[in-house]
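Enquirer: Take a look at the following structure, please.
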Amino acid sequence: MLKIPKIHFITLITALIFVVEACTSDNKLPVDVFRYNESKGVSTLDPAFARSQTVIWPVSQLYNGLVELNEDNQIVPSIAKSWSISADARTYTFNLRTDVSFHPHQIFNSKTRRVKSSDFIFSFKRLTDSQTASPGAWVMQYVDADTLDSGFWAPNDSTLIIQLKKPFPGFLGVLTMPYCVVLAPEVVRYYGQDYRSHPIGTGPFYLKNWREGEKLVLRRNPNYFETDDKGNHLPYIEGIAIRFITDKQSEFLEFRKGRLDFISGVHQSYKDELLTHDGELRERYRALITMQKAPYLNTEYLGFLVDSNLSHVSEKYIRKAINFGFDRKKMLAFLRNNIGRPAINGFVPFGLASFDTTLIGYQYSTDSALYYLKKAGFANGKGLNPIVLTTTSDYVDLCEFIQHELSEIGIKIEIEISSGATFRDQVSTSKLEFFRGSWIADYPDAENYLSLFYTPNRSPKGPNNTHFSNAKFDNLYLKSLLETNDSLRWNLYRQMDRIILDEAPVVPLFYDEIVRFFQPNVSDFKTNALNMLFLKKVKKE
């Protein structure tokens with residue numbers, strides 16, 4: 001009897017799809033609507049709660065702020081056409097465009113209304129209102145609430161002044177976050193808690209329909225204020241349709257059928273089907289799919305509770321031995337198809353302007369690992385108790401790889417798996433001696449990463465979950481906050497990152513990478529290092 005070799009389910013199904021789709025296409029769906037899937041669903045369209053990518057992506061199509069980040073990670077004008085910063089770097093004056101209007105709504109006498117500087121003051125103060133309970137309230141911590149009108153002043157409808165407590169170079173970057181977009185006060189008050197599903201913004205698209213758990217539809221805003229270089233009004237496409245397919249294999253198959261225009265990331269269920277071990281698109285897909293890769297401001301790492309008395313992780317030489325004791329390049333090749341870059345240049349990730357390739361941290365070296373083990377008093381690992389590494393189920397493979405590699409030099413790692421919510425609580429309340437972590441930038445400045453090691457930020461009050469404390473580091477951190485010259489500030493950042501490498505409160509694993517797949521008929525589809533979804537300039541043929 002002829003034996004038929006086993007074929008991976010995804011390979012078989014996609015092969016059948018190719019046969020059908022080679023000569024046909026789905027003509028039932030409008031060409032100029034961009035379709036994507038959000039497997040985790042969309043919980044709200046209120047930007048005050050835009051803390052996750054699932055909410056940030058649709059919110060970014062509906063609203064605008066004073067400034068925004070472009071695809072080159074540069075801060076560029078949005079509703080603010082220009083701005084100035086005072087000599088003491090505490091007063092920001094924004095000059096607003098006078099041609100920006102909110103989406104039409106019945107509450108406006110003329111069905112729409114021009115944006116005023118006082119609308120921004122309402123929007124910013126709403127973030128810090130206890131009644132709102134926004135997770136983005138922290139972005140206003142830099143504003144001097146004891147001056148002006150809680151730190152804000154609108155001398156006229158097109159001028160906004162913000163007063164800071166002290167200089168903070170990353171403030172413009174903070175203002176690019178979706179938390180800081182402008183809202184219409186009367187609409188927010190009209191809907192109250194139901195505003196989550198009745199958003200009225202200024203963005204290139206407005207909400208047409210939202211059947212929660214089924215589909216969310218946005219339509220083109222014909223009155224959007226931005227134009228392209230030739231004076232054509234944006235956006236180009238007619239709308240956006242978001243589906244909520246929870247199963248990743250089903251999502252991939254819908255993409256291959258042409259019913260989705262793009263998928264983000266590489267799920268384990270089809271990773272090897274799409275990509276080679278070198279992270280390139282397999283040849284059989286190259287004429288059918290466009291792949292996009294870009295740096296992602298996300299550092300994946302392992303963290304030590306450095307003031308722990310429970311194990312040997314309080315010993316710096318043990319931490320350095322672990323850092324030297326496994327091959328990051330092999331880890332990425334075997335487990336992630338080389339998606340990402342080995343984190344050998346410090347904690348601050350590739351993709352930031354201040355990133356420095358000359359800052360060399362830990363590269364795989366068993367000799368160095370054994371040297372530090374011996375220096376710690378545990379030659380070849382003798383006498384060293386097992387170290388417990390806690391992770392969530394999504395990262396077990398990475399942790400097991402490191403466990404195996406370290407066992408070769410005498411370091412025993414025991415892996416414990418915790419659920420997401422429990423794990424986050426354990427980390428923030430200092431109950432884990434060794435844990436997996438990741439830090440995705442909120443704004444494009446290295447201060448966002450280095451704040452994790454500033455002594456006053458020690459958890460549970462702040463994000464310093466390792467409880468690292470170093471006087472020299474703290475002094476450099478404070479000095480960087482007062483430095484307005486980028487080059488000088490970046491030099492301070494690099495000095496701080498060097499201290500982190502020398503003291504080893506963390507094990508940097510890799511700098512993440514954005515990977516997207518989209519249909520060949522989609523053009524001008526771009527992103528940036530914060531993995532934003534830019535759709536106002538996208539075209540579909």
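Throughout, read-outs are computed from the coordinates displayed, never taken from laboratory work. The shown structure was predicted, so the numbers you read here are calculated from the model rather than taken from an experiment. Don't worry about glycine lacking a Cβ; one is built from the backbone with ideal geometry, like all the others, and counts go over all protein chains shown.
Enquirer: Within the chain, which complete DSSP H helices have Cα atoms spanning at least 24 Å along the helix axis and a mean Kyte-Doolittle hydropathy of -1.0 or higher?
Expert: Details: long enough: 486-503 (26 Å, -0.84).
Qualifying helices: 486-503.
Enquirer: What is the packing order of peptides 197-209, 333-345, taking the mean over residues of other C-beta atoms within 10 Å and listing the highest first? Don't skip to the answer; put the middle values down first.
Expert: On the way: 197-209: 21.2, 333-345: 19.5.
Packing proxy ranking, top to bottom: 197-209, 333-345.
Enquirer: Using Cα positions and a limit of under 21 Å, work out the lysines in reach of K125, with same-chain residues fewer than 8 apart set aside.
Expert: The qualifying lysines are K116, K165, K166.
Enquirer: Which of rounded, prolate or oblate describes the chain when judged by the alpha-carbon gyration tensor and an a/c cut-off of 1.5?
Expert: oblate
Enquirer: A further question on this structure: Among rounded, prolate and oblate, which fits region 295-513 when a ≥ b ≥ c are the square roots of the eigenvalues of its C-alpha gyration tensor, a/c under 1.5 means rounded, and a/b larger than b/c means prolate?
Expert: rounded
Enquirer: Based on the alpha-carbon gyration tensor of region 175-289 and its eigenvalue square roots a ≥ b ≥ c, which shape applies: rounded if a/c is under 1.5, prolate if not and a/b is larger than b/c, or oblate? Don't skip to the end; give the middle numbers.
Expert: Working: a/c = 2.46, a/b = 1.74, b/c = 1.41.
Taking the square roots of the gyration eigenvalues as a ≥ b ≥ c, region 175-289 is prolate.
Enquirer: A further question follows. If you only keep lysine pairs separated by 8 or more in sequence, or across chains, how many in region 408-495 come under 22 Å at the Cα atoms?
Expert: Working: K412/K431; K431/K461; K461/K472; K461/K479.
Lysine pairs, 8 or more places apart or on different chains, close enough: 4.
Enquirer: For region 35-64 and region 284-358, compute the distance between their C-alpha centroids and round to whole Å.
Expert: 28 Å
Enquirer: In percent, what relative contact order does region 295-513 have, based on Cα pairs under 8 Å that are 6 or more apart in sequence?
Expert: 36 percent
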